[in-house]
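First comes the structure, then the notes that go with it.
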Amino acid sequence: MSVTERILNYQITHGIFDGEEQMVRGIAQRAVDNGFASLSSRQQSVIEPFLTQSCSGITDPGGYHNECEQILMGEELLEAYELCDDSESLECESCRSDSSFYTHQRDRLERE
Ligand SMILES: [Zn+2]
């Protein structure tokens, strides 16, 4: 399975397509089963918007949201899905590292 099919497989199993029309879900499932390349260009254009997501950004300990809008696709998107707690709010690599820094900082403050 290529990255595209793995992303779609993740999206199907995590309910990303639940709010979509049956037809859209069917095409996504077909892409997972037979490969994205097997879809017609019309079908691919239905699925393509799902393959590009943007980072939701993170909020720092001071309550400031960084308004990150980094575009996630391919390996980066798959990784974001695999590491996220909530598939509706994805974080890019830079936000993930900031976020773990804040967590680390907070843990240290709590220990002191
Ligand atoms: Zn980000």
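The values are calculated or read from the model by the stated rules, or taken from the named source; none is laboratory data. Being a predicted model, the structure only gives us computed values, none of them experimental. Cβ atoms come from the backbone with ideal geometry, glycine included; neighbour counts cover every protein chain shown. Each accessible area value is taken on the protein alone, full model and side chains, heavy atoms only, with ligands, DNA and RNA left out. Shrake-Rupley method; radii C 1.70, N 1.55, O 1.52, S 1.80 Å.
Counting protein heavy atoms only, the stretch 3-111 has 44 percent of its accessible area on carbon and sulfur, 1.4 angstrom probe. Would you pull out the residues with amide H under 5 Å of residue 14's amide H, same chain only if 5 or more places away, H placed 1.01 Å from N? Residues meeting the criterion, in which the H sits 1.01 Å from N, do not exist here. Think of the chain as having a plus end and a minus end, set by charges on the Cβ of Lys, Arg, Asp and Glu; of 102, 77, 37, 37 sits farthest toward the positive end of this dipole. Would you mind checking the stretch 7-26 for residues with the amide N under 17 Å from a putative spin-label position 7 Å along Cα→C-beta of residue 100? It comes to no residues whatsoever. Between residue 54 and residue 110, the contour length at 0.36 nm per residue exceeds the alpha carbon distance by 16.9 nm.
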